[in-house]
Amino acid sequence: MDYHSMSGQQSTAKSLPARTFHALCLAALLLVVSGCGGGESNVSLGNRTGTLHWGNGTEPQSLDPHIATGVPEHHIITSLMEGLVLKDSTTLAPIPGVAESWDVSDDGRVYTFHLRQNARWSNGDPHIAQDYVWSWWRALQPALGNLYAYMYYSINNAQEYYEGTITDFDQVGVKALDDYTLQVTLENPTPYFLQLLDHYSLFPVHQATVEKFGTADERGTRWTYEGNIVTNGPFQLLEWQINSRVVVERNPFYWDAENVGLNKIIFYPTENAVSEERMFRSGQLHYTNDVPTDKIPVYRNEGNPSLRVAPYLGSYFYRINTNVPHLQDKRVRRALAMAIDREQITEHILQAGQMPTYALTPPGTMGYYPKSDLTFDPEAAKQLLAEAGYPNGEGFPVTEILYNTNESHRKVAVAIQQMWNKYLNIEIKLLNQEWKVYLDSESAGQYTISRASWIGDYVDPNSFLDLFLCNGGNNRTGWCNAEYDRLILDVAPKMKSHEERLAVFQEAETLLLDAMPMIPIYIYTSKHLMNSSVKNHNGNLLDQTTFKELTLESDSSDSTGGNH
Amino acid sequence: MFRFAINRLLQAIPVLLVVISITFLLVHSAPGGPFSADKAVPPEVLKALEAQYKLDQPLWQQYVGYLNDVLHGDFGPSFKYPGRTVNELIASGLPATAELAFYAMLVALFIGASAGVVAATRPNTLQDYLPMSAAMLGICMPSFLLGPLLVLVFGIHLEWVPVSGWGDSAGDKILPAITLGTGYAAYIARLSRGGMLEVLSQDYIRTARAKGLPESLIIAKHALRGGLIPVIAFIGPAFAGLLGGSFVVETIFQIPGLGRFYVQAAFNRDYTMILGTTIFFATLIIVFNLLSDMLAIWLNPKLRQEARGDH
């Protein structure tokens, strides 16, 4: 055999696959480039078709309004469902929803709602007052596991029914007088009651649909799945792909369907804010759920109009465990509160427009501006600490700050650690725990000082101040003051005028700040990126979006922002 | 071969039982419960919830009940997502994760094997050092760094590929596959280099060379089969690793896969979901190890004989 001829054959054999391989590589590259470069972005496509692409934070836990808790669920549910009243998207004042009007009795306890005759469920069924009676009965079944049952407690006998002290639902203050008239009787006049009606926990559900997939109080049936769910809001559920997207489309039976500006909304579970921001920049999203903290100064500096930062009805504070011996003295607690330079924290650490605060309730909550005698005053703090028996911090036990694992909580804790060390000469240790472990430690009272926050459920000082009631499940500080409880539970609800009521809240808050079982630090801001094609989106204190008002304008689709 | 497989599968049963038991104990002893939340949960609600998910029963009873359910192929309801079963959640996440793992494996094999073979043909020259240093870099470069880098360059600056999504727009699977595959490509490069070097020093290769065969034929026809055996042995566990380890890439690219559920389940203390996914991944690892062992036996005559000689 001739080796030469053989190797000659081999060399052709070798070069052939090699050439094919190169050609394949080139083809693949071309495919990549051609297939993707020319594609239209979600945003510009969405602007033409009226489809809003919405970064929604996480996969919704449930779309059942009597089970869900959480903001991502809130967005989807409020697009699908509607309560008796809505809130004005700027002022948050109650405006007609399913109820076109309502009367309030002179004593402020009886509300009579007149429902729209043209209100329909998304399957065309008439939407009547009895739907509310049934839905609210369902929401108050303990087996359902409704964490927002307390939103009903202003209704007469609702709490008693929920806790089982009365068993006859007819005694609860909700009655359908006829198909289109609903009467609600309250325990006390509750000025924020109308606001509660816009919270999803008080939304109606479609009885026939719920019962088709299980019993009324059965948790987690399939009635909320695509193809099953029937709702009464501006949109209806079209598609729910787990961990991928929730798509809602215009509901033709909605009473105000002609004024709904969008055809579709696609909600994406975007739990990673950094990825979300990249999606926004590449035109995949109209609106983001969040903005990464370190991106805010970048957007700020370039004056990018996409960045939307607004005050938010949330308070960031430290709980103090008043059962810990050296923190039982309120002078010590006040000294700690006075030795925090809050401006330093908001200006240089957080940098997202947060507002330093010296009280619990965010200012401007229903016209309430809490007065506080708390200031940043290291000298006075040192003095107080000395009076409490720790001159120049001597003998003060090493104290631990507990926070849940999170970069910005860590930064704040480190800053406060240094301030207390510098101004009070005391030693502070930091302890971070994973979220659920932290929750357990805090509610079991196994902490010394703990990071905390509270977001208002409704715009009223009550939503914050009832946190520190003696038996409040969210108190967790061991602090208890009978006078404080009396003011919040007995005095404030009976006040005739708004001003008098606010004065009572001020009195209570003064008590709280004097005893200082919690150290107020700052007021939250909401942070989003929004494409300029989104119109009629009004920021508000609750960071709520009225989806039916939104519209998309296609000519400004490319202004997502520059590169950074 | 058949008896070998059956034998191995029987051995897997106690392994799975141990996995289930340990995970069950760990999950139930972890601090923080599935229903602890920012807002205090009223006691009556907590009672109702615990009763519904049988958490009010003694632990051994829960364990026995759970084993029984698993035997019937039922991983139970998810605690976090009322109305969803764990089976349903796994089924919803698996296709994306499996597809991602498959593409990543292709990327890894293609880049890794070619780099390894190229390096092995000229050991200790630039042709060796260059791909091997690149491989070292690939091993060291974590996906949470590589992913965003690729996105910045190819997604945002060049606008060639979408920055996230899965099957939403053309080309959105390219970056995730490369990000996930690169680390494995690096391992495969090193493994195939080692395997090739060993084979290339064998007598039969010397014979082939002595016969005057061109180097490319020697490599393609004679050396590759033996040289890639370490890679084959690696593929099985690596594929299982790709399936279970795609969490980071799934998060970066917003892919609706199983990895995201797996990690979130742990944060949520979604007991049934943690257990279900753990059992599922354990089974996958066992199956893929078995498959790659079988492949290695089939490829290697020596092992083939051993497997036969066993029984």
On the basis of being outside any helix (DSSP H, G or I) and either touching a residue at least 24 places away in the same chain (Cβ under 8 Å) or within 14 Å of residue A:521 (Cα to Cα) (or both), does residue A:402 make the cut? yes
State all residues of the stretch A:460-487 that are of a type outside the set (Asp, Glu), closer than 23 Å to residue A:541 by Cβ and open to solvent by less than 10 Å² (accessible area, probe 1.4 Å); if no residue qualifies, say none. A:461, A:463, A:464, A:465, A:467, A:468
Looking only at the stretch A:243-255, filter to residues that are in contact (Cβ under 8 Å) with a residue 60 or more places away in the chain and either open to solvent by less than 20 Å² (accessible area, probe 1.4 Å) or outside any loop (DSSP other than H, G, I, E, B) (or both); which one of those is nearest to residue B:250 (Cα to Cα)? A:243
Failed item, numbered, when residue A:277 is tested on (1) part of a helix (DSSP H, G or I); (2) more than 21 Å from the chain's Cα centre (by Cα); (3) in the same structural domain as residue A:53 (by TED's automatic domain parsing): (2)
Being modelled with pLDDT of 90 or more and under 18 Å from residue B:255 (Cβ atoms) is true for just one of A:236, A:284. Which residue is that? A:284
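Helices (runs of 4 or more DSSP H) wholly in the stretch B:253-311 with at least 2 residues that are over 16 Å from the mean Cα position of the chain (by Cα) and buried (at least 20 other Cβ atoms within 10 Å of the Cβ) - which ones? Don't jump to the end; show me each part of the working.
Values: elements: B:258-268, B:271-299, B:301-310.
Those helices (runs of 4 or more DSSP H) span B:258-268, B:271-299.
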Of the conditions (1) more than 14 Å from chain B (Cβ to nearest Cβ); (2) over 19 Å from residue A:142 (Cβ atoms); (3) part of a loop (DSSP other than H, G, I, E, B); (4) not acidic (Asp, Glu), residue A:166 fails just one. Which one is it? (2)
Exactly one condition in (1) within 29 Å of residue B:83 (Cα to Cα); (2) assigned to a helix (DSSP H, G or I); (3) open to solvent by 10 Å² or more (accessible area, probe 1.4 Å) is not met by residue A:214; state its number. (2)
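Can you name every residue in the stretch A:232-253 that is more than 14 Å from chain B (Cβ to nearest Cβ) and under 26 Å from the mean Cα position of the chain (by Cα)? Show your work before the answer.
Let us first name the residues in the stretch A:232-253 that are more than 14 Å from chain B (Cβ to nearest Cβ), namely A:232-236, A:238, A:248-253.
Correct list: A:232, A:233, A:234, A:235, A:236, A:238, A:248, A:249, A:250, A:251.
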In the stretch A:293-303, which residues are surrounded by 16 or more Cβ atoms within 10 Å (Cβ to Cβ) and of a type outside the set (A, V, I, L, M)? A:293, A:295, A:299
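Rundown of residues vs (1) more than 14 Å from chain B (Cβ to nearest Cβ); (2) touching a Cys at 6+ places or on another chain (Cβ under 7 Å); (3) without any contact (Cβ under 8 Å) to a residue 12 or more places away in the chain; (4) aliphatic (A, V, I, L, M), yes/no style:
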| site | (1), (2), (3), (4) |
| --- | --- |
| A:418 | yes, no, yes, no |
| A:424 | yes, no, no, yes |
| A:453 | no, no, no, no |
| A:466 | no, no, no, no |
| A:478 | yes, no, no, no |
| A:486 | yes, no, yes, no |
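Can you find a residue that is in the same structural domain as residue A:419 (by TED's automatic domain parsing), open to solvent by 20 Å² or more (accessible area, probe 1.4 Å) and on the phi > 0 side of the Ramachandran plot anywhere in the stretch A:342-362? Quick ask: steps written out before the conclusion?
First pass over the stretch A:342-362, keeping only residues in the same structural domain as residue A:419 (by TED's automatic domain parsing): A:342-362.
Right, trim to open to solvent by 20 Å² or more (accessible area, probe 1.4 Å) and you get A:343-344, A:347-349, A:351, A:353-356, A:358.
Checking the rest, the ones that are also on the phi > 0 side of the Ramachandran plot come to A:351, A:353.
Yes, the stretch A:342-362 has at least one match.
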Can you list the helices (runs of 4 or more DSSP H) lying wholly within the stretch B:86-203 that have 2 or more residues being open to solvent by less than 50 Å² (accessible area, probe 1.4 Å) and among the hydroxyl-bearing types (Ser, Thr, Tyr)? B:86-121, B:174-200
Residue check: is residue A:328 open to solvent by 10 Å² or more (accessible area, probe 1.4 Å), closer than 26 Å to residue A:449 by Cβ and without any contact (Cβ under 8 Å) to a residue 24 or more places away in the chain? yes
Quick check on the stretch A:267-289: of everything there that is among the β-branched types (Val, Ile, Thr) and surrounded by 23 or more Cβ atoms within 10 Å (Cβ to Cβ), which residue is farthest from the other protein chains (Cβ to nearest Cβ)? A:288
Residue check: is residue A:372 of a type in the set (Gly, Ala, Ser), open to solvent by 20 Å² or more (accessible area, probe 1.4 Å) and either touching a residue at least 24 places away in the same chain (Cβ under 8 Å) or closer than 30 Å to residue A:488 by Cβ (or both)? yes
Across the stretch A:423-444, which residue is farthest from residue A:320 (Cα to Cα) among those that are modelled with pLDDT of 95 or more and in a helix (DSSP H, G or I)? A:423
For residue B:56: the one exception among (1) in a helix (DSSP H, G or I); (2) free of Cβ contacts under 8 Å to residues at least 24 places away in the same chain; (3) within 14 Å of another protein chain (Cβ to nearest Cβ); (4) farther than 30 Å from residue A:314 by Cα: (1)
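The values are calculated or read from the model by the stated rules, or taken from the named source; none is laboratory data. Computed from a prediction, not measured in an experiment: that's the story for all the values here. Cβ atoms come from the backbone with ideal geometry, glycine included; neighbour counts cover every protein chain shown. What goes into the accessible areas is simple: the full protein's heavy atoms, side chains included, and nothing from ligands, DNA or RNA. Shrake-Rupley method; radii C 1.70, N 1.55, O 1.52, S 1.80 Å.
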